[in-house]
Each structure stands twice: as structure tokens, then as C-alpha cells.
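Since the structure comes first, as C-alpha cells, the remarks are kept for the end.
The values are calculated or read from the model by the stated rules, or taken from the named source; none is laboratory data. Quick caveat: nothing in here was measured; it's all calculated off a predicted structure. Using ideal geometry, Cβ is built from the backbone for each residue, glycine included, and neighbour counts are taken over all protein chains shown.
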Amino acid sequence: MKGPLRATLLSAFGLAAVGYGSITAILLWLQGRLIYPLDRIRNIAPNPDADRLEPVNIETSDGLTLTIRHQSPPATDGTTVVLFHGNGEDLSQRVHIAHALIEAGYGVLLAEYRGYGGNPGKPHEAGLYADGRAAIEFAYRHTSHVVLHGYSLGSGVAVQLATEFPIDALILEAPFTSMVDVAQTRFPYVPVRWLLRDRYDSLSKIGRVNAPVLIYGGLADGLIPPRQFEALHAAARGPRQLALIPDANHLDVWEKGGADHVLSFLQALHDDTKAA
């Protein structure tokens, strides 16, 4: 190889390496903003229907005061469903599910995370687990029957906490196997497995959940491949159901048929509890 050509190729390889390294460094620096896009959340108008549920303050183990929304079940031995929302919304964006559950006779707790919904703190994986624990502990002070429902990012929170509490059931809407797998799908040529701090590795945890599990998601989900729903279902132990909904994407699973699956699952759970 002649000198000028060799120098040109080395220069090109050098520029490519610098460019790749720069992209990797930027993603490393921005990963918190990509996982928790709080700037975008602040521009989303809260759903006023959330005001129909009682605001409650809870204390986390690391000293934060968070505001959540709660309504007890109508019966003293009724079930409360704790809803963990996704990364691109606040708790009020889950209120349509909350009111459907209330109408069906369940109590509801809309959990919120640090940094979201005007709450103090900066979101990170361990912090969201602490926030979820405080919410579940509050729910258990009002009922002995608790079901966790986690959507997208909230599915990672729900799976972890389902391994820690004696819940009645776990429901996952559009869940991922791990945050690493989601990031690898979006950035296939970046070594995200080495870079990502917050991992939410639900696939390695769901087998430790000692409760019935319902997983539902849309076959048209463009953010989380449906094969991740199937992998979580396969890794779960004990009673489990998988509902793959045609034409539903990442945002409209509940409206496109998820509601029917969730309400049927909860009714069957209620019937089994009464029979026991």
C-alpha cells in the first residue's frame, strides 16, 4: 500500500473511531435524560381527572416526600391496584385506567416517582424502587390485597417490587426484558451493555415472583419488540397469561383490548380468592 493511500485510510479510520467514541460518550452522558425525559414531561398538561382521587403524601426510605393519588377499595377486604406509569408521562396519564378499575370495584393507588409530577429528587433505578416501596407500604395500610400494574418503565419497577412483597398478582403492560435490551434495539452499534447504569433487568427477576402474572402488549409496538413480552412470559413461574393484541402499539394497548384482559384477569383472581 502506497504511502498517501495508507495515510488516507488511517486518517479515515481515525476519524471514524473518534466519531464513534464521541457518540458513545454523548450517550453515556445523556442516558439519564433519555431514560427519564423530565424536560419533555414538564410540557405535558396533567390530566385533571386525577384530581378526583385523593392526593396523599408518602415518605421514602431516603427521606423524600412524594405526592401520590389514592382511593381505597369499597370493601374492607377489597383489592387495591398500584399503577406504575411509564418514563414519558406522570401519574395523571394513567388516570383513565384508574377510573376504569374504580368503576369495576377496585381501589387504586397512582404511584409517582422522584422528579416527576413536581416531586423532589432525581430519578434513578434504586430511587424508583424506594418510591415504589413507599407507595406499596401505604397501600397495605388500607387493604391486605394488593396487585401491581406496571407500564413500560413502570414494568421494571413493578417486577422488582413483586419479588419483595406478598402481592396478589402482577400485571405488566408493554413490558421490556431489561433496559439494556431496549437500548440495544435503539442503538445496536453502541456497547450499551457496558455503559448503562440503570438496567431494570426484569427477565432475570420475574422467575422469583410468587404470584399470578398477566403480560399484555401490542403486536404493533414499535418501541419494545413483542418478543420481549414473550420472553418475560416464558421466564415467569406459576400461573401466567400472555395477551398479544393485534394493531395495538406502545401507547394504546389498554384501549385496543388490554382493558378487557386486565379486568377478566382481576375478576378471576377475585373468584379464586373467594373460593379459597
Hits in the stretch 146-182 - residues which are crowded, with 24+ Cβ neighbours inside 10 Å and under 15 Å from ARG227 (Cα atoms): SER152, LEU172, GLU173, ALA174, PRO175, PHE176, THR177
Total residues in the stretch 85-133, condition farther than 28 Å from GLN267 by Cβ, assigned to a loop (DSSP other than H, G, I, E, B), in contact with a helix residue (DSSP H, G or I) (Cβ under 9 Å, 6 or more places away or on another chain) and not small (Gly, Ala, Ser): 9
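Would you pick out the residues in the stretch 232-276 that are hydrophobic (A, V, I, L, M, F, W, C), assigned to a helix (DSSP H, G or I) and either more than 24 Å from ALA75 (Cβ to Cβ) or modelled with pLDDT under 95 (or both)?
LEU232, ALA234, ALA235, TRP254, LEU269, ALA275
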Looking only at the stretch 59-93, and only at residues there that are aliphatic (A, V, I, L, M) and closer than 15 Å to GLY115 by Cβ, the one that is surrounded by the fewest Cβ atoms within 10 Å (Cβ to Cβ): LEU64
Qualifying position, being surrounded by fewer than 17 Cβ atoms within 10 Å (Cβ to Cβ), within 16 Å of VAL147 (Cα to Cα) and not small (Gly, Ala, Ser), among LEU223, LEU269, LEU263: LEU263
Hits in the stretch 155-188 - residues which are among the charged types (D, E, K, R) and free of Cβ contacts under 8 Å to residues at least 24 places away in the same chain: ARG186
Complete set of residues in the stretch 87-113 that are over 14 Å from the mean Cα position of the chain (by Cα) and not β-branched (Val, Ile, Thr): SER92, HIS96, ALA98, HIS99, ALA100, LEU101, GLU103, ALA104, GLY105, TYR106, GLY107, LEU109
Enumeration of residues in the stretch 214-231 that are under 21 Å from ILE97 (Cα atoms) and in a helix (DSSP H, G or I): PHE229
